[in-house]
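Below: the structure, in C-alpha cells.
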Amino acid sequence: MIRYFTGGESHGKGLIAIIEGLPADLFIDPNVINSYLSKRQTGYGRGKRMSIEKDQVDILSGVRGGYTIGSPVTLYVENKDWQNWKDIMDTRHSVPKRVVTMPRPGHADLAGGIKYNHHDLRNVLERSSARETAVRTAVGAIAKLLLMNLSIELYNYVVSIGNVIINPDVLPSITLGNNYLKKLNKIAASDEYMMNMPDTVASKRAVRLIEDSKKKGNTLGGAFEIRATNVPVGLGSYSQWDRKLDGRLAGALMSIQAIKGVEIGDGVANSGRYGSEVHDEIFFSAKKGFYRKTNRAGGIEGGVTNGEEVIIRAYMKPISTLYTPLHSVDVLSKAPVHATVERSDICAVPAASVVGEAVTAIELTNAIMEKFGGDTIMELKRNYNSYISYITKY
Ligand SMILES: Cc1cc2nc3c(=O)[nH]c(=O)nc-3n(C[C@H](O)[C@H](O)[C@H](O)COP(=O)(O)O)c2cc1C
C-alpha cells in the first residue's frame with residue numbers, strides 16, 4: 001500500500017506531500033509532474049490566483065538520480081502568492097487586521113470556525129481551500145508514472161458545465177479504441193479545447209455561459225469523467241466493505257473539494273432501467289478469453305475490477321464564493337451581512353477533472369501495490385506479469 005499526507009495552507013509558503021510505500025527504481029520525471037500541474041491550472045473561468053501561480057514540483061526526498069530509492073518521497077509546491085500574504089500568514093506573529101468573520105455559505109468557514117473555536121475564519125479557509133489539490137495532483141502524477149510501467153493509462157475529460165452537456169455521441173458507448181484515446185490526449189493538450197471537453201460546440205457554449213455567469217457575479221459547476229484502460233481483472237475485493245474498489249474510488253473522488261456525487265459506469269442512469277438493460281453479458285472466445293460487449297458497470301463488479309475499462313463520473317457543485325455574495329451572519333457581532341469575497345474561480349471543472357484523474361491514479365496504484373507488492377519496480381513487474389500469464393490461462 002502507498003500512503004500519503006499533505007500539508008500547507010492556501011496562502012502559506014507552500015504545499016507539501018509525503019508519500020510512503022513507493023517501490024524503489026521508479027523513474028520520476030519532474031517534467032511529467034509539472035505538465036500535469038500546469039494542466040490543473042487551465043480552463044476558462046479560473047480566478048486571478050492561477051495567473052500568479054506557476055506550479056512546479058520540488059522533490060525534497062526519496063529520489064536520487066531520477067529514481068525512487070524506497071524511502072518516503074517528499075514533494076513541495078511553492079505558493080508564489082505567499083509573497084503577498086507574508087504578514088497575514090506569518091507563523092510567529094499574529095496580525096489582527098483583515099480578520100475574516102463573515103462565513104461563506106457552501107464553504108467549511110462556519111462549521112470549521114465552530115469546531116475549532118476560530119473567530120478569524122481565515123484559520124479555516126486557508127486549509128479547506130482547493131489549493132491543496134495542487135500537491136495531490138503531484139502525488140497523482142507519480143502514481144500515473146508507476147501505472148504506466150504496467151501499461152495502465154488514465155484519461156479525464158469534462159462532460160458538462162452548468163446546463164451545457166457534451167453530445168453523448170462523441171463518447172464511444174461500448175469500448176474505447178486506442179485512436180480515440182490518442183484523440184482525447186490531443187484534446188487535453190490543445191488550447192482550442194480549453195474546457196477539456198471532447199466536443200468543440202459544447203466547449204464554446206460553456207465558455208459563453210461562464211462569461212455570462214461572471215457578469216452576474218455567479219458561479220458554475222459541472223461533471224467530468226475518468227477512464228482507466230488496461231486495468232487487470234481482480235483489483236479490490238468483495239470480501240470486506242473497506243476493500244471494495246468502487247467504494248475506495250468514490251471516497252477518493254468525493255474527498256476533492258466541491259465534488260458532491262460520484263458514479264461508476266452508468267450508475268445513475270442504470271437505477272431507472274430494467275436489469276436486462278443494465279448488466280453486461282459475459283462471452284468467451286479462444287482469442288479474447290472472457291469478454292463483454294457492453295460496459296455499463298464501468299469495469300467494476302462486486303468491488304472488483306472485471307478487466308473492462310474503469311469509468312468514473314464525478315459531479316462538482318458550483319463554486320461557493322460568489323462575487324454577488326450570499327446572505328450570512330458575522331460570527332463576532334451576529335449581525336446579518338453578506339459573505340466574505342475571497343478572490344475566486346467562476347468555474348473550476350476542468351481543473352477538478354485533472355485532480356479527479358490524479359486521485360483515481362493514486363487509488364489504483366494502492367490496489368496494485370496491495371495485490372502485487374514489490375519493493376522494487378522489477379519485483380512489482382515480475383509479480384504482475386506472472387499474474388497476467390495466469391489470468392490468460394484461467
Ligand atoms: C480545482 C478546484 C478549484 C476550486 N476553486 C475554488 C475557488 O476559487 N473558490 C471557491 O469558493 N471554491 C473553490 N473550490 C471549491 C471549494 O474548495 C469547496 O467547495 C469548499 O472547500 C467546500 O468544500 P465542499 O464543497 O467539498 O463541501 C474549488 C475546488 C476545486 C476542486
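Values in this text are rule-based calculations from the coordinates and carry no lab data. Computed from a predicted structure; not experimentally measured. A quick note on method: Cβ atoms are made from the backbone with ideal geometry, for glycine too, and the neighbour counts reach across all protein chains shown.
Sparsely packed loop sites in the range 95-149 (the trypsin sites (Lys or Arg not before Pro) outside DSSP H, G, I, E and B with at most 16 other Cβ atoms within 10 Å) comprise Lys97, Arg98. Amide H contacts for Tyr157 (H built 1.01 Å from N in the peptide plane; partners 5 or more residues away or on another chain; cut-off under 5 Å): Glu225. With respect to the chain, whose longest principal axis is taken over its alpha-carbon atoms, helix 377-393 is tilted by about 50°.
Here the simple spin-label model places points 7 Å from the Cα toward Cβ, and for His338 and Thr200 these points are separated by 4.0 nm. How far is helix 178-189 tilted, in degrees, relative to the longest principal axis of the Cα atoms in the chain, given as a value from 0 to 90 rounded to the nearest 10? Between the helix axis and the principal axis of the chain, the angle is about 20 degrees. Which residue fluctuates the most in the chain, going by a Gaussian network model with Cα springs under 10 Å, if the choices are Ile18, Ile152, Ile114? Maximum among the listed residues: Ile114. Annotation: the residues Ser129, Ser271, sorted from fewest to most other C-beta atoms within 10 Å of their own C-beta, follow the order Ser271, Ser129. When the trypsin sites (Lys or Arg not before Pro) in the range 266-344 are filtered for DSSP coil states and for at most 15 other beta-carbon atoms within 10 Å of their beta-carbon, the remaining sites are Arg273, Lys287, Lys288, Lys293, Lys334, Arg343. Extension gain for the segment Glu379 to Val329, taken as residue separation times 0.36 nm less the Cα-Cα distance, is 12.2 nm to one decimal.
Applying 1/(1 + (r/R0)^6) with r as the Cβ-Cβ distance of Thr294 and Gln56 and R0 = 51 angstrom yields a FRET efficiency of 0.75.
So which chymotrypsin sites (Phe, Trp or Tyr not before Pro) in the range 258-315 are both in a DSSP loop and have at most 15 other Cβ atoms within 10 Å of their Cβ? Of the chymotrypsin sites (Phe, Trp or Tyr not before Pro), the ones in loops of the range 258-315 whose Cβ has at most 15 other Cβ atoms within 10 Å are Tyr274. For Val329, the amide hydrogen comes within under 5 Å of the amide hydrogens of Val337, counting only partners 5 or more places away or on other chains and with H modelled in the peptide plane.
Sequence-distant contacts, meaning Cα pairs under 8 Å at least 6 residues apart, place the relative contact order of the range 192-257 at 12 percent. Extension gain for the segment Ser389 to Tyr274, taken as residue separation times 0.36 nm less the Cα-Cα distance, is 37.7 nm to one decimal. Only helical runs count toward this figure. For the chain, summing -39,500 (n - 2.57) over DSSP H runs of n ≥ 4 and dividing by all residues gives -10000 deg cm²/dmol at 222 nm.
Remark: the Glu281-Ser94 segment gains 61.0 nm on full extension, using 0.36 nm per residue and subtracting the alpha carbon distance.
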